[in-house]
């Protein structure tokens, strides 16, 4: 008999807050005008940091944080996703989940 596990994510979790602040700091050090939206989403389930940056090529943004993001995911098992969005493409923003806590059963 298989039981269902539960995953609970909160934007108030200290581990996520620390990781979010670290990633934001890395991005801000290179792109000081960046603005951030942090939210939960279910596809895939996780905490999302959307970074709106005044840059043409978002790969330039990804290059500065991707190694640390991978480390955080592996070391801490965080479901953390960073989505850089260029101010040149405002329609690239994702719709957000409005809650600051999501609890979902796992299969």
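None of the figures in this text is laboratory data; all of them are computed from the coordinates on show. From a predicted model like this one, the values you see are computed outputs, not experimental measurements. Note: ideal-geometry Cβ built from the backbone for every residue, glycine included; neighbour counts use all protein chains shown.
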### Query
If each of residue 73 and residue 29 carries a label point 7 Å out from its Cα toward its Cβ, how far apart are those two points in nm?
2.1
### Task
Work out the FRET efficiency for residue 63 and residue 43 from their Cβ-Cβ distance, taking R0 = 35 Å, and round it to the nearest 0.05.
0.90
### Query
In nanometres, what is the gap between the two model label sites at residue 56 and residue 18, each 7 Å from Cα along Cα-to-Cβ?
4.0
